[in-house]
Each structure stands twice: as structure tokens, then as C-alpha cells.
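**Q** My questions will all concern the structure given below.
The values are calculated or read from the model by the stated rules, or taken from the named source; none is laboratory data. Note that the structure is a prediction, hence the values are computed from the model and not measured. Cβ placement follows ideal geometry from the backbone for every residue including glycine, while neighbour counts extend to all protein chains displayed.
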Amino acid sequence: MHLKENILRAISADLYVHVMRPLGDGEKLVSFQDVEVTRIDSREYLEMMGMPLPEDAHLLTDEEREQLEKEEEERREAGEEILSEEIIEIPDELGEVIIRALKGESTPIMQKSWSLAPGHENIPRCGLIVINIYSEEERPAAERTRAQIEELRKKPEFRKDVLTYRYDILRRTILIANLSNPRDPELKKALARIKRVVSNVKQDRNLSFLY
């Protein structure tokens, strides 16, 4: 994670603002997919699966591979019989874990969960969401987008996986506005919401916004 993202996560803002474009036809704000919940040492994972790796097991270096091929070729030229090692079929997923273990990398533990589309992960914490349209022709798509955002609270599975208890009770203002038009009434509402937050903050507090 980048330093900027770490800093933003550490800041507790008085108001989080999310500005987005209307979703396209058939585009979903939330989807059911594999989500990484934690990571585990790959060797420990293989032990739990009943396939522990020897402590000295490692990936062959280029030099070791060349040396092994050279020795096999010399035995062939000498007429020695080379016994083929037994080939064991390993599922791709388990094979990836073995490779990670040999590289010293951890293995992600995945879980099916409802998740927000990339770029919209901060919606649950936002008190103000503005759907920016360039013309009135985009309003129907923006209305469909607003309906999907409102579903986050209406559907129990979304409330559990996406909002979580921490953001379930947050009051959200969802507006459709043309941000390039200073006379847009919804834009004025967005600015009014921000002004209310400013006016409610005590003078001895540092006011912060994230968007």
C-alpha cells in the first residue's frame, strides 16, 4: 500500500465525500466474488493439507538445473538407464501454494463475499455521495446508480459484507449533479451539506474532508 493511502486511512475526517460517474449499462456496484481475508505461511498451509515440504526443499537455480541436465545427458551417453521419476498430478491451486512455499511467500485465504467495484470502496464511509452527470441525458443512468447505492442498506447481505456495522448507521446524502454547472440545484445542496458540517465543528477542532 502506498504511503498516501496509509495516511488517508489513518485520518478521521469530519465528512467523507465520494464523487463518481453514473454506472454504465449492466454495470454493477456490488458483486459476489472471492475476497482475501487473511494470509498464512505457505509451508504451514501445506502441512495442514497433509503435504509438508522438506525443510531443504527449494526451487532449482539456473545453475542447478543446467548441472542436473548435464549429468543426465552424461549418463545417457554412457548407456546408463535413467529411471523416470513418478509423476504426480497436483491441482493447479495446490501447485501455486507449493511454488509460494518454495519462494518463501505467504498464501492468501479467500472467502466469497459481496464487494464494491474498484474505485468505489470508500462509499460505505461517505456521508456525501455525488453522482456527476455531464448532461440530462445521463440522468436515467445516474438514477439507476443511486438506486444501487441505496440498496447497500436495504439488502441484509450488503449491509453485512459491504457496509459492516461500523458504517451501517451512517446518514448518507446521495445527489445527482452537474459539477460543471455552478447553478445546478443539487450541487448547491452538496455545498450546503458541507457548510453545515463546517458550522457544526467547534473552533478548537481541525476540520478535515476526504474525497
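**Q** Pull up segment 1-47, narrow it to residues that are closer than 21 Å to L163 by Cα and of a type in the set (V, I, T), then point me to the one that is modelled with the lowest pLDDT.
**A** For segment 1-47, the residue satisfying everything is I11.
**Q** Right, something else. Identify, from the list R159, R100, the residue that is modelled with pLDDT under 95, in contact with a strand residue (DSSP E or B) (Cβ under 8 Å, 6 or more places away or on another chain), assigned to a helix (DSSP H, G or I) and farther than 17 Å from H18 by Cα.
**A** Only one candidate qualifies: R100.
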